[in-house]
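Worksheet for the structure shown next.
Since every read-out is calculated from the coordinates, none of them should be taken as a lab result. Nothing here was measured: the structure is a model prediction, and the numbers come from that model. When we count neighbours, we look across all protein chains shown, and the Cβ atoms used for this are built from the backbone with ideal geometry, even at glycine.
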Amino acid sequence: MSEAQIIDGKALAFKIRAEIAEKVAAHQVKPNLAVILVGNDEASLIYDRNKQKAAQAIGMDCHIYHLEDSASEKELLELISQLNNDERVHGILVQLPLPPHMNALHVLTHIDPDKDVDGFNPYNVGLLQANSPQAFVPATPKGILYMLEQTYSDLTGKNAVVIGRSNIVGKPIANLLLNRSCTVTVVHSKTQHIEEIVRQADIVIAACGKPQIVKADWIKEGAFVVDVGINRIDGKICGDVDFENVRQKAAYITPVPGGVGPMTIAMLLENTFDAFVKQNHLKF
């Protein structure tokens, strides 16, 4: 079998961002995203600045609200409340993880569901599980689904295995695939005989944060492999998939970097525009 087709997340994201930019340009009022960062984690700082640059590049406003590690949960909730009540703000995102003294679920519950562009408020989590079109879907799973639907006209009956059960990727992508009539299995660190389960999959979503754990002998010939992992080995970025060997068996594969990452930011911007449309009662 020939090598897998590499799914170019950068190219797909560029197309999505160009479409959003065209829609943004049609309005005098700009969609406005508020990003809240607590602490000084360097990776989070870089990621949030990238979000800001991407938003501004397509004509959106984006402001980063930076609280120190020492900030109390009460201070964070007060900031969220201010942004909830500010009609000029259309989307609110709290960068995770939060410091240990803060309860992430409690914090996310306080974000207005109509401004919850990360889709982590339990209200939106419930809407996603109920397959409601009103749900804000977390950006990474939304981007993964977009990639899959660019390749498969119909996901019905596909056997999908999700490696990882996080609230950010694993659980929401499992729900999205179930909503598309896939047969979905979620495996994790306590699952026995993971390789045998993964080997049955038409679609493999690797989102467990273990460098190159998914080997070629885990993959069925012709599978679609999505690598969500971002890890470092000897200073080099790699995913959860042994890319060079797995690409010899898969039909499609996403690279790291340049796969899921760019799609995540593109989908966050799409969610922000959708929130802007919803709050202003616009039609598209």
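Of the residues ALA21, SER72, SER189, the one whose Cα sits farthest toward the positive end of the charge dipole of the chain, with +1 on the Cβ of Lys and Arg and -1 on the Cβ of Asp and Glu, is ALA21. Where both bridge residues fall in the chain, DSSP classifies roughly 10% of the beta bridges as antiparallel. About its Cα centre, the chain has a charge dipole of approximately 480 debye under the convention of +1 per Lys or Arg Cβ and -1 per Asp or Glu Cβ, with nothing else charged. A 24 angstrom limit on the alpha carbon distance is what I want to check against. Which of LYS23/LYS171; LYS15/LYS210; LYS190/LYS220; LYS51/LYS142; LYS51/LYS283 exceed it? With Cα atoms farther than 24 Å apart: LYS23/LYS171; LYS15/LYS210; LYS51/LYS283.
Per the Kirkwood treatment, what hydrodynamic radius in Å, one decimal, follows for the chain from the mean inverse distance over all distinct Cα pairs? Please list the in-between numbers first.
Numbers: mean 1/r = 0.0512 Å⁻¹.
The Cα-based Kirkwood calculation yields 19.5 Å.
The residue among HIS63, ASN103, HIS281 whose Cα reaches farthest toward the positive pole of the charge dipole of the chain, with charges on the beta-carbon of Lys, Arg, Asp and Glu, is HIS281.
Based on the mean of other Cβ atoms within 10 Å per residue, sort peptides 164-172, 222-230, 35-43 so the most packed one is first.
Per-residue Cβ counts within 10 Å, averaged per peptide and sorted highest first, yield 222-230, 164-172, 35-43.
Explain nothing, just the number: dipole magnitude of region 163-208 about its Cα centre with +1 on each Lys and Arg Cβ and -1 on each Asp and Glu Cβ, in debye rounded to the nearest 20. List each step's numbers first, then the result.
Working: 5 positive and 3 negative charges, 39 e Å.
With only Lys, Arg, Asp and Glu charged at Cβ, the dipole is about 180 debye.
Going Cα to Cα from LYS236, which aspartates and glutamates come in below 20 Å? Please leave out same-chain ones fewer than 8 positions away. Answer for LYS236, where 20 Å is the Cα cut-off: ASP8, ASP41, GLU42, ASP227, GLU244, listed by chain and number. All Cα-Cα separations within region 138-260 were binned at 10 Å from zero, giving a P(r) of 14, 51, 32, 2, 0, each value a whole percent of the pairs. Summary value for region 181-284: 22 percent relative contact order, contacts being C-alpha pairs under 8 angstrom separated by 6+ residues. Sorting the Cα pairs of region 1-108 by distance into bins of 10 Å, from 0 upward, gives 13, 36, 29, 16, 5, 1 percent per bin. Could you tell me how far the Cα centroid of region 162-212 sits from the Cα centroid of region 95-112, in Å? For region 95-112 versus region 162-212, the Cα centre distance is 25 Å.
The C-alpha atoms of the chain define a longest principal axis, and helix 9-25 lies at about 30 degrees to it. Report note on the peptides 136-148, 19-31: ranked by the mean count of other C-beta atoms within 10 Å, highest first, their order is 136-148, 19-31.
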